[in-house]
Amino acid sequence: MVDVDEFIDEKIEEISAEVGDANAVIALSGGVDSSTAAALAYEAIGDQLTAVYVDTGLMRKGETEEIRETFDYMDSLRIVEAKDRFLEVLGGVTDPEAKRHAIGEQFIREFETVAKDVDADYLVQGTIYPDRIESEGTIKSHHNVGGLPEVVDFEGIVEPMRDLYKDEVREVARELDLEEIISERMPFPGPGLAVRILGEVTDEKLEVAREANHVVEEELEEHDPWQALAAVIGKATGVKGDNRVHGWVIAVRSVESRDGMTARAQEVDWDTLQRIQSRITGENENVSRVLYDVTHKPPATIEYE
């Protein structure tokens, strides 16, 4: 385990030295990784930092409003409405790696636009060690590592937590006095709901995935999973009332883990699972089935794409 106090002092000094008198933008998603990176960077360079939250349209229910409230103390906070641009670059894209690269490139373009406006030369990211391991190997490209475009209009990219695991990041977040809603927050993928939708990302699938994920997080909160999610994996025949429907199939996944490198499917009681399926199918007329994923990592990954 990292020496938290020593790590914080070291990284604040490193960020200050690397950025110098220049300005920087921080890619802020509201998750523990990017929020901790933002806190470290703010300690290091203060008003030279502009926090940028990009509303991709791929976020959890109520995410943008929550970010606005949680980080309203940061005068530099910018919320960029970019849903239409992200859906445009994802149009017709079905391959998981192609999705991640399309999202990674669009993120960079959004940050570059803000950077030009505030005359920033550096981009700060909340990249952590598992992101690098999976991207540098053959598992999958994380949008902020392997998903980055080859040409990036920044003098440098600063990644203060690139050698930390998720549990270590949480320790740093607590030491920095970040709110519990941030330090203990369940992981959420950088590409958002796009990697919880098999095939092309559409408005309809996004709304189904968003509502289903909201139900899963609410119902499984007391089970304290490391990560819980719902994925739109296809369509199947069902019956609602007296009508035959060809509706979406939702896969529910809940896992226990220490760092995300490996994970075990959580044993969830039958009553809870029935409550989840009842809410998901009852609250969305376009959903016909709900499944529970019992696969560990490996052989599966935690996310679906």
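The values are calculated or read from the model by the stated rules, or taken from the named source; none is laboratory data. Please read all numbers here as calculations on a predicted model, not as lab measurements. Backbone-built Cβ (ideal geometry, glycine too); neighbour counts: all protein chains shown. Just the protein is used for accessible areas: all its heavy atoms, side chains included, with ligands, DNA and RNA removed. Shrake-Rupley method; radii C 1.70, N 1.55, O 1.52, S 1.80 Å.
Which ones in segment 67-96 are assigned to a helix (DSSP H, G or I) and farther than 19 Å from ARG196 by Cβ?
Across segment 67-96, the qualifying residues are ILE67, ARG68, GLU69, THR70, ASP84, ARG85, GLU88.
Consider only pairs whose beta carbons are under 6 Å apart and that are at least six residues apart or on different chains; among these, list those whose first residue lies in segment 242-269 and is in contact (Cβ under 8 Å) with a residue 60 or more places away in the chain and whose second residue is of a type in the set (Ser, Thr, Tyr).
ASP259/TYR165
Going through segment 16-54 one residue at a time, which ones are farther than 23 Å from ASP72 by Cα and crowded, with 21+ Cβ neighbours inside 10 Å?
VAL19, the sole residue that qualifies.
Do the conditions hold for ASP75, that is, is it of a type in the set (Asp, Glu) and under 24 Å from ALA22 (Cα atoms)?
The answer is yes for ASP75.
Find all pairs meeting these conditions: Cβ atoms under 6 angstrom apart; at least six residues apart or on different chains; first residue within segment 1-12 and in contact (Cβ under 8 Å) with a residue 12 or more places away in the chain; second residue among the charged types (D, E, K, R) and open to solvent by less than 40 Å² (accessible area, probe 1.4 Å).
Every condition considered, the pairs that remain are VAL2/GLU168.
Hey, can you tell me all the residues within segment 218-230 that are of a type in the set (D, E, K, R) and in contact (Cβ under 8 Å) with a residue 60 or more places away in the chain?
The one that is of a type in the set (D, E, K, R) and in contact (Cβ under 8 Å) with a residue 60 or more places away in the chain: GLU219.
Give all pairs with beta carbons closer than 9 Å in which a residue from segment 205-217 that is charged (D, E, K, R) meets a residue that is surrounded by 23 or more Cβ atoms within 10 Å (Cβ to Cβ) and assigned to a helix (DSSP H, G or I); count only pairs at least 6 apart in sequence or on separate chains.
Once the first residue is charged (D, E, K, R) and sits in segment 205-217, its partners that are surrounded by 23 or more Cβ atoms within 10 Å (Cβ to Cβ) and assigned to a helix (DSSP H, G or I) give LYS205/LEU193; ARG210/LEU193; GLU211/ILE280.
Test of understanding: among ARG174, ARG162, ARG170, which residue is in the same structural domain as GLY62 (by the TED database), open to solvent by 60 Å² or more (accessible area, probe 1.4 Å) and part of a helix (DSSP H, G or I)?
ARG174
Of all residues being outside any loop (DSSP other than H, G, I, E, B) and touching a residue at least 12 places away in the same chain (Cβ under 8 Å) in segment 282-301, which is surrounded by the most Cβ atoms within 10 Å (Cβ to Cβ)? Just the residue, please.
Filtering first and then ranking leaves VAL287.
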